[in-house]
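Take this structure, written in structure tokens, and hold onto it; I'll ask about it next.
The values are calculated or read from the model by the stated rules, or taken from the named source; none is laboratory data. This is a predicted model, so every value here is computed, not measured. Reconstructed Cβ throughout: ideal geometry from the backbone, glycine too, with neighbour counts over all protein chains shown. Note: accessible area is taken over every heavy atom of the protein model, side chains too, but ligands, DNA and RNA are not part of it. Shrake-Rupley method; radii C 1.70, N 1.55, O 1.52, S 1.80 Å.
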Amino acid sequence: MSYFLFFLLAIVSIASILAMILTKNQAYNALLLILAFTCTGGLFALIGASFIATIQIIIYAGAIMILFVFVIMMINIRDGIPPERKKWTIYFSIFVAVVFLAELFFALKGTLAPLSTSGIEQSSDPTSLGRLLFTEYLYPFEITSILIIAALVGSIVLVKKKENNDSN
Amino acid sequence: MNTFSSLTPLLIIVAGALLVLILEVFLKKEKKDYLAYISIVFLLGSVYAGLRFWNQNPSYFNGKLLLDNFALFFIFILAIATILVTLISIKYIFLQNTNHGEYYALLLLALSGMMIMVSSTDFLIIFLGLEVLSVSSYALAGLKREDPLSSEAAAKYFLLGCFASAFIIFGLALLYGVTQSTDITVFVQSFADPNLSLLAVAGIGLIIIGLGFKIAVIPFHMWTPDVYQGSPTPVTAFFSVGPKVVGFAVLIRIFQPYWRAAVNTEAVFAALWIIAVLTMVIGNLIALRQTNVKRILAYSSIAHAGYLLVAILSRDNAGLLFYLMVYLFMNVGAFSAVIALSKKNKEYLELDDYAGIGFKYPWIGATFSIFLISLAGFPPTGGFLAKFYVFSTAVREGLITLVVIAVLASLVSVYYYLRIIIYMYMKEPSRDITIHTENPALFFVLFLCLYGVLQLGIFPGNVLVFIKQAVASIL
């Protein structure tokens, strides 16, 4: 069963990434990327990292995708890259892809054998994570609340409607 | 004292920010000045709460919150900087149509981030504090919403700030991989090992680059002139002091133990040496060609970061702290004088506007000249003593070449500082300048900064005692 799920999720995520790259419509791109992120979350759940799976879906499929959608809405690119620059871009991306592939290969070659699931289980248990957050990391955890207030106030100040100078 | 009371300096500031935000809703537009006075009360309360811990050196939350004399000294000067900036903002934000009550709340939140940064040796906490500071700063930079330059400043600051944060967090991740800890003292111990992992060197290099963006050293300075020019002027004064002071506080926290513990310091030393030289030489040379006073002061603050790096290289913490204190007064003073030359919806920022100002507005001209003389480093001002302490320690440490370059660079800087003074006193006024003079808070700040610059230049004794105690607490 788990083999079946693994291959299903892996194939769907690779297929959706490929489809995302090949599709021209930006709305479909965004949706396919969400699908890919969700499948990756499922892969994490399969190896028992339930917390990382949840975070993957909440942060990537939720928060980061909203950012992408906003950017698509605001910038509204129709024509894409002009053809004379396109060639250069393709060569460059092939180069980056090859370098990245080599890097992945060497990284995996060194680490794949000693890796076991024990490390993942230990750190991704939500209970122990919560306990750490409220004991050892209490101070940084509370600081993040100040950070969120600052971000909220800052963004509201920058986007709120302009007040009329004549009236109070 | 218990753990809760150790948080009081920080909590008072955050409570002040929240109170300002709540009251902002109920106050009429003309009465928003009250918010400034409320924030000053909270700032003074926080300073008082902090100074009770002087000479006790307590630490809380497993060493994550450290209120040693060093941290308290920085909390003290950062709070002073924020008080001065709040005072010079009162009229400015009213005249320049940036009168949002959230302004003071954001200033207080930025200060809380800086307080978090200076009072810890845990880099995770320092990073979170840096983010609190940065996020508030991005919003402050863009507060003049009708002015495209201000929006440009906010966008630029935001993008390069994210870039800097990415460098720091990547460096932190590498160092965590090597040491399994986020604490600076543990990081540094890993450098005592002769077969040092390359990851640790890369980690500390990335952290230096990230902090380099914050303290605006060359080649990480590209954002500085545009952000300083576009931001509302009191915010520029805040940027030129706040992030720079905390950046150097964190650098001292790293390098004070690093120079002693590390087996091989040559690579890091050489990197900092080159950055210091580039910052002093290029910063001062580009400043020669500027005609906008805010941009001149921006490049001058870049050049000063170079002199401060000389103090880091010569391990002269006392000299560095003294320099930062003098820098606070002379820089805020200079920006206050720039703010003084403004009226409703208009600021005078070009050099040509300053022609003849020295005779038309003698007080502003005279104080501005003294701040510029101090920035250039002439006696009897604080700027001279600060440079003298830093350079003479560097000579004693054997950094002769570096000091020669630094002195030559500061000779170059004399030209553009004196150029402003020459415009103010020796040029015929070509434009009609009228300014809004009913600004008691601003003149009070000008007076305070003048007092600070002269006190530190003529009788620095009392302050030096405090600085010695502050430096002794991190040995």
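Please give the Cα centre distance for region B:132-160 versus region B:166-229, rounded to the nearest Å.
Here the answer is 25 Å between Cα centres.
Under 1.5 on a/c is rounded, so check that first for region B:198-322, then, if it is not, pick prolate when a/b is larger than b/c and oblate when it is not; a ≥ b ≥ c are the square roots of the alpha carbon gyration tensor eigenvalues.
Prolate, because a/c is 1.5 or more and a/b exceeds b/c.
Related question: Any idea what angle helix B:266-287 forms with the longest principal axis of chain B, computed on alpha-carbon atoms, 0 to 90 degrees, nearest 10?
10
Would you work out the Kirkwood radius for the protein assembly as shown? I mean one over the mean of 1/r across all pairs of different Cα atoms, in Å.
In the protein assembly as shown this quantity evaluates to 26.7 Å.
Working from Cα positions, state the angle (0 to 90°, nearest 10) between the long axis of helix B:440-458 and the longest principal axis of chain B.
50
Here's another thing I want to ask about it. What residue among B:V132, B:P362, B:V465 has its Cα farthest toward the positive end of the dipole of the protein assembly as shown, where the charges are +1 on Lys, Arg and -1 on Asp, Glu, each on the Cβ?
About the Cα centre, the residue reaching furthest to the positive side is B:P362.
Further question: State whether region A:1-78 is rounded, prolate or oblate according to the following rule on the C-alpha gyration tensor (a ≥ b ≥ c being the square roots of its eigenvalues): a/c under 1.5 gives rounded; otherwise a/b larger than b/c gives prolate, and the remaining case gives oblate.
oblate
Assign unit charges at the C-beta atoms only (+1 for Lys and Arg, -1 for Asp and Glu), then state the dipole size of chain B relative to its Cα centre in Debye, rounded to the nearest 20.
Dipole magnitude for chain B comes out near 500 debye.
On to the next question. Can you give the average number of partner chain beta-carbon atoms within 10 Å of each beta-carbon in peptide A:135-144, as a whole number?
Shielding by partners across A:135-144 averages 6.
Can you tell me, using C-alpha contacts under 8 Å and at least 6 residues apart, the relative contact order of chain B as a whole percent?
15
Let me ask something else about it. Can you give the calculated 222 nm mean residue ellipticity of chain B, where each DSSP H run of n ≥ 4 adds -39,500 (n - 2.57) and the sum is split over every residue, rounded to the nearest 500 deg cm²/dmol?
-25500 deg cm²/dmol
Please give the total accessible area that chains A and B bury against each other, computed with a 1.4 Å probe and expressed in Å² to the nearest 100.
Counting protein atoms only, the buried area is about 2500 Å².
How shielded is A:39-46 by partner chains, expressed as the average number of their Cβ atoms within 10 Å of its Cβ atoms?
Counting Cβ atoms of other protein chains within 10 Å of each residue's Cβ and averaging gives 0.
When the convex hull of the C-alpha atoms of region B:265-475 is computed, what volume per residue in Å³ does it have?
Convex hull volume per residue, Cα atoms: 125 Å³.
Take the Cα atoms of region B:269-386, build their convex hull, and give its volume per residue in Å³.
In region B:269-386, the Cα convex hull volume per residue is 103 Å³.
Place a +1 charge on the Cβ of each Lys and Arg in the protein assembly as shown and a -1 charge on the Cβ of each Asp and Glu, then give the dipole magnitude about the Cα centre in debye, rounded to the nearest 20.
That gives a dipole near 820 debye.
Next question, about the same structure. Which of the peptides B:398-405, B:192-199, A:5-12 is most tightly packed, and how do the rest follow, going by the mean number of other Cβ atoms within 10 Å of each residue?
Result, highest mean Cβ count within 10 Å first: B:398-405, A:5-12, B:192-199.
Order the following by accessible area, largest value first: B:H304, B:H436, B:H221. Probe radius 1.4 Å; ligands, DNA and RNA are ignored.
Reading off the accessible areas and sorting them downward yields B:H436, B:H221, B:H304.
On to the next question. Assuming 1.306 mPa s and 10 °C, estimate D for region B:1-78 with Stokes-Einstein, Rh taken as the Kirkwood radius over Cα pairs, in µm²/s.
117
Which of the three applies to region B:365-475, rounded, prolate or oblate, going by the alpha-carbon gyration tensor with a ≥ b ≥ c and a/c under 1.5 meaning rounded?
oblate
At what distance in angstrom do the alpha carbon centres of region B:409-475 and region B:24-102 lie from each other?
21
Over 20 Å intervals from 0, what percent of Cα-Cα pairs in chain B sits in each interval?
Reading the bins upward from 0: 25, 60, 14, 0.
Do any trypsin sites (Lys or Arg not before Pro) in region B:275-357 lie in a DSSP loop with no more than 13 other beta carbon atoms within 10 Å, and if so, which?
Those satisfying the criteria are B:R289, B:K344.
Rounded to the nearest 10 degrees, what's the angle between the helix B:198-215 long axis and the longest principal axis of chain B, both from Cα atoms, 0 to 90?
So the helix axis and the longest Cα principal axis differ by about 10 degrees.
Could you work out, residue by residue across B:139-145, how many beta carbons of other chains sit within 10 Å of that residue's beta carbon, and then give the average as an integer?
Mean shielding by partner chains, rounded to a whole number: 4.
Would you mind getting me the FRET efficiency between B:E397 and A:M73? Use the beta-carbon distance for r and R0 = 35 Å, nearest 0.05.
With a Förster radius of 35 Å, E is 0.05.
If you don't mind, there's one more thing I want to ask. Using heavy-atom solvent-accessible surface (probe 1.4 Å) with all chains present, what is the largest-first order of B:E152, B:E30?
B:E30, B:E152
Further question on the same structure: If the cut-off is 20 Å between C-alpha atoms, which lysines fall inside it for B:K344, apart from same-chain ones fewer than 8 positions away?
By straight Cα distance, B:K344 reaches A:K162, B:K28, B:K29, B:K31, B:K32, B:K91, B:K144, B:K294, B:K360.
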